[in-house]
Amino acid sequence: MKVKHLLLCLSAIVLLASCRTPRELIYFQDLDAGTPIAATVAKGISIQPGDEISIIVKSKDPMLSELFNLSVVAQRVGNSGISATAGQYMALYTVDSKGEIDFPVLGKIKVQGLNREQIAERIKYALIESNLVNDPVITVNFSNLTYSVLGEVARPGRYNIEKDKVSILDAIGAAGDLTIFGKRENVTVIRDENGQKVPYILDLTSSKSLCSSPAFYLQQGDVIYVTPNDYRLRQSTVNGNNVYSTSFWISLASLLTSITTVVIQFLR
């Protein structure tokens with residue numbers, strides 16, 4: 001009977017161990033109400049070679065400002081042939097390998113490392129300094145700037161960068177938050193830095209660690225990967241029946257119980 005009780009207790013322990021659930025599901029566990037958090041310096045999106053931007057110049061003289069706006073001719077095919085309409089779409093400036101764009105009349109302008117406001121100010125100053133436009137209003141917008149979110153989130157995919165500062169929390173919110181299977185303390189941001197892929201590990205359960213990370217604010221091209229927890233790993237095979245799965249341990253416990261019964265019957 002001692003053998004029977006021992007095996008039954010062992011089976012119960014195995015079952016309890018196999019049914020554990022992730023404990024770290026709460027964000028910002030170290031937050032204290034009213035206590036400021038030391039955060040990293042907020043770095044906005046800066047333009048890099050290969051990026052595409054749109055630049056629109058406006059002034060009191062529309063005909064003058066249009067000289068500096070690149071327009072694409074849209075072609076329409078109809079019964080009477082092909083007709084062309086200019087000015088329906090704005091062309092994009094692609095930053096070359098030297099970090100420059102070729103702007104109408106002004107020529108080459110260095111934009112690498114600048115944010116949208118700084119680019120607008122540089123072009124505005126150049127137009128006024130050259131006596132081309134006295135009252136220019138410059139609007140600069142991003143075009144192909146994106147980041148990707150992969151792993152245990154509700155909506156993995158690629159997302160556009162539409163504002164100057166995008167934090168890791170903005171990205172997670174856009175992707176529909178982490179699933180219950182995502183490790184809050186192990187979120188990886190992979191970033192291109194000087195031609196190399198540099199990983200940063202973020203802990204969403206610690207507000208102090210998160211806000212002080214250099215990857216708290218994203219850059220274009222960043223890849224965010226949310227690591228799956230142990231429970232998700234147990235489901236990694238086709239039928240889910242592996243050494244990490246609950247069904248495996250239930251089957252093992254059932255086998256031990258059957259063996260115990262047979263041994264007891266034999267001893268009797």
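The values are calculated or read from the model by the stated rules, or taken from the named source; none is laboratory data. Because the structure is a prediction, the values reported are computed rather than measured. Ideal geometry is used to build each Cβ from the backbone, glycine not excepted, and the neighbour counts take in all protein chains shown.
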Original post:
In the range 171-228, how many residues are of a type in the set (Val, Ile, Thr), modelled with pLDDT of 95 or more and closer than 18 Å to VAL153 by Cβ?
Top reply: 9
**OP:** Return the only residue of LYS197, LYS208, LYS165, LYS124 being among the charged types (D, E, K, R) and exposed (fewer than 13 other Cβ atoms within 10 Å of the Cβ).
**Re:** LYS197
Subject >> Selection count, the range 40-66, where residues are over 18 Å from ILE128 (Cβ atoms), assigned to a loop (DSSP other than H, G, I, E, B) and small (Gly, Ala, Ser) >> reply: 4
